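Chemist: Have a look at this one.
The values are calculated or read from the model by the stated rules, or taken from the named source; none is laboratory data. On a predicted model such as this, the values are computed, not experimentally measured, just so you know. Cβ atoms come from the backbone with ideal geometry, glycine included; neighbour counts cover every protein chain shown.
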Amino acid sequence: MSTMESYPDNPSYGSGSFRRRIRLRASDTEVLAELEDHNHGFRLRLQHDGQQVTTIDAETLRIPFSTCPGAVKPLRELCGLPITEDSQQLIANSKPSANCTHLYDLSLLAIAQAARGPGERLYDICISDETDEQPSAAEIRLDGQLLHRWLCRDWSIVEPAELAGNVLYKGFTTWANAAFSGEAQRAAFALQKGYFVASARRYDLDAMAGEAANDAREIMYGACYTYTSPQIEQAQRLASSVRDFSDTAEQLLEFRVDG
């Protein structure tokens, strides 16, 4: 069994940032949703009739594990969900744990965009590396406008004062639902997911190519589609799946294959 303590360190950690960009483009009956970050590249196309989702499909353009493409299939079970901006209603009527966390969350954003009608929006998330001297600065912008900025340390918010002590792991959903609504709530959940994925920057994941996901079963089981049975028993970490966008945010959503 591997543990995170045994993972090889990323020598660049401490001087960079995790970045994630999400773009949503909606017409009258379709939404194209794209996501790229340090570890992932996804493109999703959702069609609807104005009342409910009729078709949903996705491309796994850059992924950490061999089993990730299989997550496209359970995503299609979201067909029939209502077109609404109420993500909690969608979650209550679907099976989040059966899906890839990132594709599922991208689907919820796409459905919300469909409910708003034709248009485009761009989310940018930046999580600076956490050091002994400095907490991590976690920010999310929508079309360039800052919606949240949290200083975080060890999975808890340090600032702003009104949010200090709130956790960013188990228990997050309860306090975030109470603290935010509408677009601010949607952005808070997107930022929390960014903080979660940003922790992977601490490790040299490319050096772990070939690792069996099942080796981390004790600490990771249930974290996402791949880390759930039967995928976890089959999955292997892929080589060359990491991109560092610390200083190249303009390359996000270009889905480059050459790094």
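Chemist: Yes or no: the stretch 14-33 includes at least one residue that is at pLDDT below 95, farther than 20 Å from Arg186 by Cα and out of contact with any helix residue (DSSP H, G or I) (no Cβ under 6 Å at 6 or more places or on another chain). Don't jump to the end; show me each part of the working.
Modeler: Initially, the stretch 14-33 is screened for residues at pLDDT below 95, giving 14-15.
Still in the running and farther than 20 Å from Arg186 by Cα: 14-15.
Add one more test, that the residue is out of contact with any helix residue (DSSP H, G or I) (no Cβ under 6 Å at 6 or more places or on another chain), and what stays is 14-15.
Taking every residue of the stretch 14-33 in turn, at least one turns out to be at pLDDT below 95, farther than 20 Å from Arg186 by Cα and out of contact with any helix residue (DSSP H, G or I) (no Cβ under 6 Å at 6 or more places or on another chain).
Chemist: What's the total number of residues in the stretch 54-83 that are over 22 Å from Ala209 (Cβ atoms) and crowded, with 16+ Cβ neighbours inside 10 Å?
Modeler: 8
Chemist: Within the stretch 188-200, does at least one residue satisfy the condition of being surrounded by 14 or more Cβ atoms within 10 Å (Cβ to Cβ), under 20 Å from Glu139 (Cα atoms) and polar (S, T, N, Q)?
Modeler: Within the stretch 188-200 (the criterion being surrounded by 14 or more Cβ atoms within 10 Å (Cβ to Cβ), under 20 Å from Glu139 (Cα atoms) and polar (S, T, N, Q)), the answer is yes, since at least one residue qualifies.
Chemist: Can you confirm whether Leu147 is of a type outside the set (Lys, Arg) and either touching a Ser or Thr at 6+ places or on another chain (Cβ under 6 Å) or crowded, with 17+ Cβ neighbours inside 10 Å (or both)?
Modeler: yes
Chemist: Now for a different question. Among the strands (runs of 3 or more DSSP E) lying completely within the stretch 1-94, list those that include at least 3 residues that are among the polar types (S, T, N, Q) and more than 23 Å from Leu253 (Cα to Cα). Before you say what the answer is, go through the steps one by one.
Modeler: Values: elements: 17-26, 30-37, 41-48, 53-62.
In the stretch 1-94, no matching strands (runs of 3 or more DSSP E) lie anywhere.
Chemist: Ok, one more. Can you tell me how many residues within the stretch 162-183 are among the charged types (D, E, K, R) and either in contact (Cβ under 8 Å) with a residue 12 or more places away in the chain or buried (at least 19 other Cβ atoms within 10 Å of the Cβ) (or both)?
Modeler: Counting residues in the stretch 162-183 that are among the charged types (D, E, K, R) and either in contact (Cβ under 8 Å) with a residue 12 or more places away in the chain or buried (at least 19 other Cβ atoms within 10 Å of the Cβ) (or both) gives 1.
Chemist: Those residues that are among the small types (Gly, Ala, Ser) and surrounded by fewer than 20 Cβ atoms within 10 Å (Cβ to Cβ), I need them from the stretch 87-108; list them, please.
Modeler: Hits for the stretch 87-108 are Ser87, Ala92, Ser94, Ser97, Ala98.
Chemist: Please tell me if Ser128 is among the small types (Gly, Ala, Ser), in contact (Cβ under 8 Å) with a residue 12 or more places away in the chain and closer than 18 Å to Glu36 by Cα.
Modeler: yes
Chemist: Spot the failing condition for Val158; the list is (1) touching a Cys at 6+ places or on another chain (Cβ under 7 Å); (2) closer than 19 Å to Tyr13 by Cβ, and only one is missed.
Modeler: Evaluating Val158 over (1) touching a Cys at 6+ places or on another chain (Cβ under 7 Å); (2) closer than 19 Å to Tyr13 by Cβ leaves (2) as the failure.
Chemist: Of the residues Arg186, Arg141, Arg153, only one is charged (D, E, K, R), free of Cβ contacts under 8 Å to residues at least 24 places away in the same chain and over 26 Å from Pro11 (Cβ atoms); which?
Modeler: It is Arg141.
Chemist: Can I ask one more? Can you tell me how many residues in the stretch 213-252 are under 22 Å from Arg21 (Cα atoms), surrounded by fewer than 18 Cβ atoms within 10 Å (Cβ to Cβ) and in contact (Cβ under 8 Å) with a residue 40 or more places away in the chain?
Modeler: Counting residues in the stretch 213-252 that are under 22 Å from Arg21 (Cα atoms), surrounded by fewer than 18 Cβ atoms within 10 Å (Cβ to Cβ) and in contact (Cβ under 8 Å) with a residue 40 or more places away in the chain gives 5.
Chemist: Next question. Give the number of residues within the stretch 130-149 that are closer than 10 Å to Tyr195 by Cα and touching a helix residue (DSSP H, G or I) at 6+ places or on another chain (Cβ under 9 Å).
Modeler: Selection size over the stretch 130-149: 3.
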